[in-house]
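Enquirer: Below you will find the structure I want to go over with you.
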Amino acid sequence: MKRLRVAIDGPAGAGKSTVAKRVAQRLGILYVDTGAMYRALTLKVIRNHIDFSDRDMVTDLAERTQILLQNSPSGQLVILDGEDVTEEIRTPSVTRAVSVISAIPGVRKHMVVKQRALASRQGVVMDGRDIGTYVLPDADVKIFLTASLRTRAERRFQDMLEKGYLVTLEEIEEEIRKRDELDSKRDIAPLEQASDAVLIDSTGLSIGQVVERILGICLNYL
Ligand code: C5P
């Protein structure tokens, strides 16, 4: 079978990772959550008490960090320098800081090399912000997945409640809005729809419906 490369980009909370994971399972190819890579580095920056504005220090740390994404029956595990940080990278302190760390050019350069290497060896479904525009500009299928800000905030809010966090819907909506703004306005590889990407607005659609639409598009390339 052809090595299919599927890029799924979009703003925070659009459901990219849930959808991308299922699409990858159905196609029998690797799922790569690039956001998890930026989150893992951000966790290490926080743990090392490095000033977020010290771009050289953060870039240097990125170069000395090993981040592995391992597919397991329970989902994708994120391994930071040998430690499983799958849960910890989703905490609010990491979420609040990640867009500042991911805007550092040296950090992006380093991550993109790793992401392209993964996609050069096998078929992938890769989700992120700049996959269709920058990481894999010649991906076979490009999807830009979005939903209204309120819908995205409501989904995230439910996730956070289930995990036991005491937050309000308004706080989550504000956090998502700020993160999207930072991700869209950065100088390097900002969040934007690739000109050849298919736009899917998942407001009012179930996960299953979005997955089927994307698989339908992928079928044309198999
Ligand atoms: O997808 P997720 O919400 O986990 O991504 C966390 C953050 O990582 C994003 O808000 C963005 O700042 C950064 N990111 C990025 N480029 C990617 C994937 C994620 O800058 N390809």
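The values are calculated or read from the model by the stated rules, or taken from the named source; none is laboratory data. This is a predicted model, so every value here is computed, not measured. Cβ: placed from backbone, ideal geometry, glycine included. Neighbour counts: every protein chain shown. Heads up: the accessible areas ignore ligands, DNA and RNA and are worked out on the full protein's heavy atoms, side chains in. Shrake-Rupley method; radii C 1.70, N 1.55, O 1.52, S 1.80 Å.
Enquirer: For the chain, with a Gaussian network of springs between Cα atoms less than 10 Å apart, report the residue from ILE46, ILE104, ILE176 with the top mean-square fluctuation.
Expert: Comparing ILE46, ILE104, ILE176 in the GNM, the peak value goes to ILE46.
Enquirer: Given springs between every Cα pair under 10 Å in a Gaussian network model of the chain, which of SER99, SER148, SER72 has the largest fluctuation?
Expert: Greatest mean-square fluctuation among the candidates belongs to SER72.
Enquirer: Further question on the same structure: Under 1.5 on a/c is rounded, so check that first for the stretch 99-146, then, if it is not, pick prolate when a/b is larger than b/c and oblate when it is not; a ≥ b ≥ c are the square roots of the alpha carbon gyration tensor eigenvalues.
Expert: Since a/c reaches 1.5 but b/c is at least a/b, the shape of the stretch 99-146 is classed as oblate.
Enquirer: Turning to a different aspect of this structure: Which percent, nearest 5, of DSSP beta bridges in the stretch 8-133 are antiparallel? Can you show the working numbers first?
Expert: Numbers: 8 of 14 bridges.
In the stretch 8-133, approximately 55 percent of DSSP beta bridges are antiparallel ones.
Enquirer: Oh, and also: Which of THR168, THR133, THR95 ends up with the largest GNM mean-square fluctuation for the chain, with Cα atoms connected below 10 Å?
Expert: THR168
Enquirer: Then there is this: Full extension from GLU171 to ASP60: what is 0.36 nm times the residue separation minus their Cα-Cα distance, to one decimal in nm?
Expert: 36.7 nm
Enquirer: How about LYS178: which aspartates and glutamates have a C-alpha closer than 14 Å to its C-alpha, ignoring those fewer than 8 places off in the same chain?
Expert: Within the straight-line limit of under 14 Å, LYS178 reaches these aspartates and glutamates: GLU170.
Enquirer: With a/c under 1.5 counting as rounded, go ahead and sort the stretch 72-222 into rounded, prolate or oblate using the C-alpha gyration tensor (a ≥ b ≥ c being the square roots of the eigenvalues; past the cut-off, prolate if a/b is larger than b/c, else oblate).
Expert: rounded
Enquirer: Oh, and also: So what is the relative contact order for the stretch 1-146, in percent, with contacts set as C-alpha pairs under 8 Å and at least six apart?
Expert: Numbers: 210 pairs, mean separation 70.3, N = 146.
It comes to 48 percent, rounded to a whole number.
Enquirer: Among all stretches of the chain without exposed trypsin sites (Lys or Arg not before Pro) (DSSP loop, at most 12 other Cβ atoms within 10 Å), which one is longest?
Expert: No qualifying site falls inside 65-162, the longest such stretch.
Enquirer: Could you give each residue of the stretch 148-162 its phi-based ³J(HN,Hα) in whole Hz, using Karplus coefficients 6.51, -1.76, 1.60 with θ = phi - 60°, and x for Gly or Pro?
Expert: So the J values, rounded to whole Hz, are 4, 4, 4, 4, 5, 5, 5, 5, 4, 4, 4, 4, 5, 4, 4.
Enquirer: Tell me the per residue accessible area of the stretch 106-205 using a 1.4 Å probe; a whole number in Å² is fine. Kindly include the intermediate steps, with their values, before the conclusion.
Expert: On the way: 5030 Å² over 100 residues.
Value for the stretch 106-205: 50 Å² per residue.
Enquirer: Let me ask you something else. If I compute solvent accessible area with a 1.4 Å probe over the protein chains, what percent of it on the chain is carbon and sulfur?
Expert: 51 percent
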